[in-house]
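Q: I'd like to ask some things about the structure below.
The values are calculated or read from the model by the stated rules, or taken from the named source; none is laboratory data. Note that this is a predicted model, so its numbers are computed, not measured. We place every Cβ from the backbone using ideal geometry, glycine too, and count neighbours over all the protein chains shown. SASA here: full protein model, heavy atoms, side chains in, ligands and nucleic acids out. Shrake-Rupley method; radii C 1.70, N 1.55, O 1.52, S 1.80 Å.
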Amino acid sequence: MSRKILLEHIDVPGINTFDTYRKMGGYRSVEKALKTMSPEDVVEEVKKSGMRGRGGAGFPTGMKWSFLAKPVGVPRYLVCNADESEPGTFKDRYLMEKIPHGLIEGMITSSYALGANTSYIYIRGEYFYILRILEKAIAEAYANGFLGKNILGSGYDLDLYVHPGAGAYICGEETALLESLEGKRGNPRVKPPFPAIAGLYACPTVVNNVETIAAIAPIVNMGGDEYAKIGIGRSTGTKLISASGHINNPGIYEIELGLPVEEFIYSDKYCGGIKNNKKLKAVVAGGSSVPILPANLILKTANNEERLMSYESLSDGGFVSGTMLGSGGFVVYDEDSCIVRNTWNFARFYHHESCGQCSPCREGTGWMEKVLHRIEYGHGKLSDIDLLVEVSKKIEGNTICPLGDAAAWPVASAIRHFREEFEWHIKEATLSQSRNFGLLAAHEALVK
Amino acid sequence: MNLAFSEEALTLSKALMKRYPEGKHKSALIPILHIAQAEFNGWLSSDAMDYVASIIGIKPIEVYEVASFYSMFNMQPVGKCSLEVCHTGPCAINGAESLISYLENKLNIKLGQTTADGMFTLKAVECLGSCGSAPMLQCGVNYYENLTNEKADELINRLTAENRLQSYTDIK
Ligand SMILES: Cc1cc2nc3c(=O)[nH]c(=O)nc-3n(C[C@H](O)[C@H](O)[C@H](O)COP(=O)(O)O)c2cc1C
Ligand code: SF4
Ligand code: FES
């Protein structure tokens, strides 16, 4: 379960340069695709691979590609989503910084498959130093004939540019990203039409995450069927997990999907257990937007089955007792963590990042932040807990883009699993200002 | 309006506009606003935005509405060094809050304020994609990670000695 595909050569000195990357087998997928495959063949391999988008929603990439409209005489675009702003997620940064050519190779092969002749990498503005790294790598790719006119004599032309954002989580939402790339405010568009029909400059467009695009090269090299053998069930392949919080070894890990969560948290190969020998209290498994789970439910499903790092296993139990793999932002909380404070923190984040277009999101996120703030600072009422649940329900499903849901779920799930802690915070308003609640008795017995 | 880009910045801006299809060069607005902020003391005055509008050939309002949407664009003057501490969840549980208090005390300012000498502005910002190396802050193009009070002291000394505008677009 420790197979490395994306990070296979991460430790090779100089892997950030074209020459070393090429020596290690880089750009083979471009040669294979452009010289021996039709664009449709490439799409077919990606379909067979079963790979699901790595940006958060987990939509099968091959299927997404096959929806792309192909009207004659209209350009098509591939846009890479390198906005990476979901709290807890820092894998794309790592990939682009360490192996920039991995993304560029993926962009070329994918652009060929989609028939795009101009492609963009939209990177969050805070990552300006990575923009420089990518631009240097792109210049090397041009110099070596992998970008520009008539690539490898195939007759295929591609120009690739990196485009910075300027600080806005919402620009990770694909239609907000396209608005931003057009030089506008990052307001998500009403869908339909979907980008596959009318995306960048109203032309058919595919938006994919950095990790998704980087995985296209190995998929084309090994073939979709081989890739589909990696992982477990419909969770094929490997996934980069960003591990943070109260663990001994924070960082980026490439795991084969299907790895037991318990092994991921406690093995020295991964997180290395909880810092300072504390006990595990909770985990946010897929970035701040996914439901938080208490220790007992992250290690085992409600049916007492071992919980695995896969799309299906993490969502087992739905919103009652499960969560989601999301972006793979894995945040670990120890026994001393305050769930109320963390929930308030996330609510503040979503309020700050709401674009303000729809009132349930704009008003609801602000309201939740305010109520959570008063609970956290000892001025809450018991009725505030149900009020929060009510507000979260009013937001969920009633907004233009999924940021509304993303703001509602962390609050709803924290209350679902840690209601006693919220009640304690309100009833013991004074005490809660000087110490934390600790573990729920019901959870304590179950965790290491 | 008496502001103007340096020769280099103007050439770069013109080249950026060519990256987008015919008639779609408004796409270069955000990249050019980054250049403007670096050219004009770290913030976007209305003169600066009007100038950007004139380069791209769009209406000033199209620039204002965009500039004010994005958190990296400063609509007010700031210090030469903006210390932007991430205070989102994963950083908050690993020392961000005490780092902010430490910096507030050391610089004798509150979040959002600028030191009297115009050197430092202290800000709390949302997740910067560095959650595994908390606490951390961004200043200009650089990330400073796994910070301690000692490392923060060193950083402040170094930035004070450098005594220049720290821009997001600096070449690292
Ligand atoms: C509020 C919000 C923020 C998002 N942020 C990101 C992001 O930073 N990076 C990303 O790849 N996808 C992000 N997404 C998902 C994108 O909308 C889109 O689904 C994704 O880029 C598709 O790529 P994939 O299929 O390769 O995963 C976000 C979605 C929402 C609603
Ligand atoms: S849900 Fe929130 S972020 Fe999304 S479009 Fe509506 S107001 Fe904007
Ligand atoms: S939470 Fe601070 S960098 Fe992600």
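Q: So which pairs qualify, if the first residue must be in region B:125-139 and farther than 16 Å from A:Val331 by Cα, the second must be within 16 Å of ligand 2 (Cβ to nearest atom) and hydroxyl-bearing (Ser, Thr, Tyr), the Cβ gap must be under 8 Å, and the two must be at least 6 apart or on different chains?
A: What qualifies is B:Val125/B:Ser71.
Q: Still on this structure, please answer the following. Out of all the residues in region A:389-401, which are within 12 Å of ligand 2 (Cβ to nearest atom) and surrounded by fewer than 16 Cβ atoms within 10 Å (Cβ to Cβ)? Quick ask: steps written out before the conclusion?
A: Narrowing region A:389-401 to residues within 12 Å of ligand 2 (Cβ to nearest atom): A:395-401.
Matches in region A:389-401: A:Gly397, A:Asn398.
Q: Determine whether region B:26-46 contains at least one residue that is in contact (Cβ under 8 Å) with a residue 40 or more places away in the chain, open to solvent by 30 Å² or more (accessible area, probe 1.4 Å) and not in a loop (DSSP other than H, G, I, E, B).
A: yes
Q: Let me confirm something: among B:Tyr51, B:Tyr70, which residue is assigned to a helix (DSSP H, G or I) and surrounded by 13 or more Cβ atoms within 10 Å (Cβ to Cβ)?
A: Details: B:Tyr70 fails: assigned to a helix (DSSP H, G or I).
From the options B:Tyr51, B:Tyr70, the qualifying one is B:Tyr51.
Q: Residue under question is B:Val63, and the condition is that it be without any contact (Cβ under 8 Å) to a residue 24 or more places away in the chain and crowded, with 22+ Cβ neighbours inside 10 Å; does it hold?
A: Numbers: without any contact (Cβ under 8 Å) to a residue 24 or more places away in the chain: no; crowded, with 22+ Cβ neighbours inside 10 Å: yes.
Spelling it out, it is not the case that B:Val63 is without any contact (Cβ under 8 Å) to a residue 24 or more places away in the chain and crowded, with 22+ Cβ neighbours inside 10 Å.
Q: Determine whether A:Ser49 is touching a helix residue (DSSP H, G or I) at 6+ places or on another chain (Cβ under 9 Å) and open to solvent by 10 Å² or more (accessible area, probe 1.4 Å).
A: It is false that A:Ser49 is touching a helix residue (DSSP H, G or I) at 6+ places or on another chain (Cβ under 9 Å) and open to solvent by 10 Å² or more (accessible area, probe 1.4 Å).
Q: Based on this model, can you work out whether A:Glu335 counts as open to solvent by 20 Å² or more (accessible area, probe 1.4 Å), farther than 17 Å from A:Pro87 by Cβ and either within 12 Å of another protein chain (Cβ to nearest Cβ) or over 19 Å from the mean Cα position of the chain (by Cα) (or both)?
A: Details: open to solvent by 20 Å² or more (accessible area, probe 1.4 Å): yes; farther than 17 Å from A:Pro87 by Cβ: yes; either within 12 Å of another protein chain (Cβ to nearest Cβ) or over 19 Å from the mean Cα position of the chain (by Cα) (or both): yes.
Answer is yes for this residue.
Q: Please list, ordered by residue number, the strands (runs of 3 or more DSSP E) wholly in region A:208-325 having 3 or more residues that are more than 14 Å from chain B (Cβ to nearest Cβ) and out of contact with any Pro (no Cβ under 9 Å at 6 or more places or on another chain). Break it down stepwise before answering.
A: Working: elements: A:238-245, A:251-256, A:280-284, A:292-294.
Counting at least 3 such residues, we get A:251-256.
Q: How about region A:1-114: which helices (runs of 4 or more DSSP H) wholly inside it have at least 2 residues that are under 30 Å from A:Pro410 (Cα atoms)? Explain how you work it out, then say what you get.
A: Working: elements: A:18-23, A:28-36, A:39-49, A:61-66, A:91-98, A:100-114.
Per the criteria, A:61-66, A:91-98.
Q: Scan region A:177-207 for residues that are at the interface with another protein chain (Cβ under 10 Å from one of its Cβ atoms), surrounded by 24 or more Cβ atoms within 10 Å (Cβ to Cβ) and in a helix (DSSP H, G or I) and report the count.
A: 3
Q: Out of A:Asp405, A:Asp386, which single residue is open to solvent by 30 Å² or more (accessible area, probe 1.4 Å) and either within 16 Å of ligand 3 (Cβ to nearest atom) or within 23 Å of the chain's Cα centre (by Cα) (or both)? Before you say what the answer is, go through the steps one by one.
A: Details: A:Asp386 fails: either within 16 Å of ligand 3 (Cβ to nearest atom) or within 23 Å of the chain's Cα centre (by Cα) (or both).
Going through A:Asp405, A:Asp386 in turn, the sole match is A:Asp405.
Q: For the subset of region A:275-289 comprising residues that are open to solvent by 10 Å² or more (accessible area, probe 1.4 Å) and touching a residue at least 60 places away in the same chain (Cβ under 8 Å), which member is nearest to A:Leu240 (Cα to Cα)? Full working, then the answer.
A: So in region A:275-289, the residues open to solvent by 10 Å² or more (accessible area, probe 1.4 Å) come out as A:275-279, A:289.
In the following step, the residues that additionally are touching a residue at least 60 places away in the same chain (Cβ under 8 Å) were identified as A:279, A:289.
Details: A:Lys279: 25, A:Ser289: 17 Å.
Filtering first and then ranking leaves A:Ser289.
Q: Would you call A:Tyr142 more than 7 Å from every other protein chain (Cβ to nearest Cβ), among the aromatic types (Phe, Trp, Tyr), in a helix (DSSP H, G or I) and over 21 Å from the mean Cα position of the chain (by Cα)? Lay out the reasoning, then the answer.
A: Values: more than 7 Å from every other protein chain (Cβ to nearest Cβ): yes; among the aromatic types (Phe, Trp, Tyr): yes; in a helix (DSSP H, G or I): yes; over 21 Å from the mean Cα position of the chain (by Cα): yes.
Considered against the rule, which asks whether it is more than 7 Å from every other protein chain (Cβ to nearest Cβ), among the aromatic types (Phe, Trp, Tyr), in a helix (DSSP H, G or I) and over 21 Å from the mean Cα position of the chain (by Cα), A:Tyr142 comes out as yes.
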